[in-house]
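Written out below as structure tokens is the structure these notes cover.
The values are calculated or read from the model by the stated rules, or taken from the named source; none is laboratory data. In this text the structure is predicted, and so the values were computed from the model without any measurement. Neighbour counts run over all protein chains shown; Cβ positions are idealised from the backbone, glycine included.
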Amino acid sequence: MPFTAMNWNLAGANADTDRDAFNAMTANLWAPEQISLGDDAEDIRGLSDAQRVALSQIFAGLAAVESLQASGATGVLSTDAGKGNDRAGIGQAVLTAIALGESIHTKAYSALIAALGSNDDNDTQSPFTWAEQNESMQEKLQLLNDVYATALNIPNVTVSGATEQSNQNAGTPANSLGISSPDEIATPNSSASDSSSVNNDNSGAGSTPDLSSLKRLAAAVLAEALLVESGFYLPMWLSSRGTMTKSADIIRLINRDIITSSSYLGSVYQRKLELLDDSTREEMRQYVYDLANNLYFAEEDYSYTLPYADLGLDDDIEKFLSYNSNKALSYLGYPALFPADISQPNPAVIDELNDIESLASALKPASLFASSSTNSVTAAAVSASTGAIAANTAEETNDDDWDF
């Protein structure tokens with residue numbers, strides 16, 4: 001089998017989608033150092049202990065999810081894209097851009113945690129240690145990792161015989177169908193068999209896709225649009241009150257990246273879904289709703305370990321989680337799972353998250369050789385603090401200066 005070069009000149013709607021996504025992602029590249037987090041210093045000092053702890057733990061949890069996405073999800077999705085793909089690796093290039101963005105996000109979360117004064121990873125109270133030892137967090141990550149690793153045996157939600165109803169009646173909340181806790185999730189039983197009604201040759205455009213690759217695509221979209229975005233509520237809620245606005249700028253940038261990547265992965269999923277027969281598409285629909293339900297409960301369980309109740313935000317968080325569940329499903333081409341009356345979050349938070357004007361002015365110009373440390377001390381600052389005079393003098397050069 002010969003090695004092939006990426007051909008970015010290919011024609012067709014699929015190639016156009018790949019190029020548009022890649023161009024958008026590379027045009028939107030940013031670095032956390034471009035945000036002046038030091039401007040939030042006074043606001044950070046004014047946070048309550050519960051707010052500071054909640055933010056640190058939220059950012060550590062988000063870093064954990066995006067670390068799995070960057071190291072696990074995009075790797076297997078890239079492998080899937082490379083099997084039988086006649087677009088010569090362009091889809092894989094898009095996934096590489098997505099992975100880069102997710103890695104930038106993890107760096108941003110670390111910067112946010114450092115700004116909050118919670119940066120010591122050796123400290124048993126470190127938010128990173130907290131996330132690693134949080135059982136709900138680890139169960140959520142394991143659920144995703146199982147899909148990425150095998151795409152088999154994902155537990156379906158048991159709804160006392162009403163599972164079909166929960167999937168068909170989009171807009172019906174899971175907890176109104178007899179599911180009151182994650183304990184009611186059934187034992188592993190994947191309804192959409194990986195070998196059912198498909199050719200398992202893992203293909204690209206024009207041939208029947210492997211269901212495992214579809215499941216991984218769905219899981220990747222749900223992980224970002226449901227799990228990650230559900231962690232954005234508190235920083236945007238604070239920003240809507242004029243607090244921690246620079247930290248909010250970072251969240252907006254991350255949200256912009258997630259919208260782009262989720263839209264792209266969702267379009268790939270829908271494109272592949274069209275190649276299946278009606279029966280298999282129905283099986284995949286049921287699978288996706290079951291997975292969305294399981295991830296919803298996993299995120300809900302995780303949210304109980306955060307001090308939202310102490311901040312009086314527990315009800316708001318529930319609505320925001322439902323809102324993001326519906327949005328994640330929309331990327332995959334499916335109707336809402338939760339009705340509007342329980343999935344309408346605080347409009348001020350949504351307005352903050354979508355504040356394009358603030359986003360446009362958030363970034364400082366980047367320099368390739370700029371210091372990567374948010375705590376770096378400039379020579380001018382040292383001179384000012386010590387009373388020294390930093391003399392900048394010019395000196396003529398001669399030929400001997402260039403004799404190395």
### Query
All but one of (1) under 17 Å from LEU222 (Cβ atoms); (2) at pLDDT 95 or above hold for ILE250; which doesn't?
(1)
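Restricting attention to helices (runs of 4 or more DSSP H) lying wholly within the stretch 273-367, give those where 2 or more residues are touching a residue at least 60 places away in the same chain (Cβ under 8 Å) and either at positive phi or over 21 Å from the mean Cα position of the chain (by Cα) (or both). Spell out the reasoning first.
On the way: elements: 278-303, 314-331, 347-353, 356-360.
Here the list reads 278-303.
Looking at ALA220, ALA225, can you tell me which residue is touching a Lys or Arg at 6+ places or on another chain (Cβ under 8 Å), surrounded by 24 or more Cβ atoms within 10 Å (Cβ to Cβ) and within 22 Å of THR74 (Cα to Cα)? Explain how you work it out, then say what you get.
Details: ALA220 fails: touching a Lys or Arg at 6+ places or on another chain (Cβ under 8 Å).
Matching residue, one of ALA220, ALA225: ALA225.
Yes/no matrix, rows are residues, columns are (1) of a type in the set (Val, Ile, Thr); (2) assigned to a helix (DSSP H, G or I); (3) more than 26 Å from PHE59 (Cβ to Cβ):
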{"site": "SER213", "(1), (2), (3)": "no, yes, yes"}
{"site": "LEU217", "(1), (2), (3)": "no, yes, yes"}
{"site": "VAL221", "(1), (2), (3)": "yes, yes, no"}
{"site": "LEU227", "(1), (2), (3)": "no, yes, no"}
{"site": "PHE232", "(1), (2), (3)": "no, yes, no"}
{"site": "TRP237", "(1), (2), (3)": "no, yes, no"}
{"site": "ARG252", "(1), (2), (3)": "no, yes, no"}
{"site": "TYR264", "(1), (2), (3)": "no, yes, no"}
{"site": "SER267", "(1), (2), (3)": "no, yes, yes"}
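Here is a check on your reading of the model: is ASP40 part of a helix (DSSP H, G or I), free of Cβ contacts under 8 Å to residues at least 40 places away in the same chain and more than 17 Å from LEU217 (Cα to Cα)? Walk me through it before giving the result.
On the way: part of a helix (DSSP H, G or I): yes; free of Cβ contacts under 8 Å to residues at least 40 places away in the same chain: no; more than 17 Å from LEU217 (Cα to Cα): yes.
It is false that ASP40 is part of a helix (DSSP H, G or I), free of Cβ contacts under 8 Å to residues at least 40 places away in the same chain and more than 17 Å from LEU217 (Cα to Cα).
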### Query
Here are some residues: ALA111, ALA15, ALA54, ALA60. Which one is touching a Lys or Arg at 6+ places or on another chain (Cβ under 7 Å) and either in a helix (DSSP H, G or I) or more than 28 Å from LEU144 (Cα to Cα) (or both)?
ALA15
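Answer yes or no as to whether GLN69 is in contact with an Asp or Glu (Cβ under 6 Å, 6 or more places away or on another chain) and part of a helix (DSSP H, G or I). It would help to see each step written out before you state the result.
Working: in contact with an Asp or Glu (Cβ under 6 Å, 6 or more places away or on another chain): yes; part of a helix (DSSP H, G or I): yes.
It is true that GLN69 is in contact with an Asp or Glu (Cβ under 6 Å, 6 or more places away or on another chain) and part of a helix (DSSP H, G or I).
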#### Entry: Number of positions in the stretch 250-272 that are crowded, with 19+ Cβ neighbours inside 10 Å and over 16 Å from the mean Cα position of the chain (by Cα)
4
### Query
Are any of the residues in the stretch 124-132 closer than 23 Å to MET244 by Cβ, out of contact with any helix residue (DSSP H, G or I) (no Cβ under 9 Å at 6 or more places or on another chain) and outside any loop (DSSP other than H, G, I, E, B)?
no
### Task
Just one of (1) more than 19 Å from GLU66 (Cα to Cα); (2) modelled with pLDDT of 90 or more; (3) surrounded by fewer than 23 Cβ atoms within 10 Å (Cβ to Cβ); (4) of a type in the set (A, V, I, L, M, F, W, C) trips up MET244, so point out which.
(3)
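So, SER78, is that one part of a helix (DSSP H, G or I) and modelled with pLDDT of 90 or more or not? Walk me through how you get there before you give the answer.
Numbers: part of a helix (DSSP H, G or I): yes; modelled with pLDDT of 90 or more: no.
Spelling it out, it is not the case that SER78 is part of a helix (DSSP H, G or I) and modelled with pLDDT of 90 or more.
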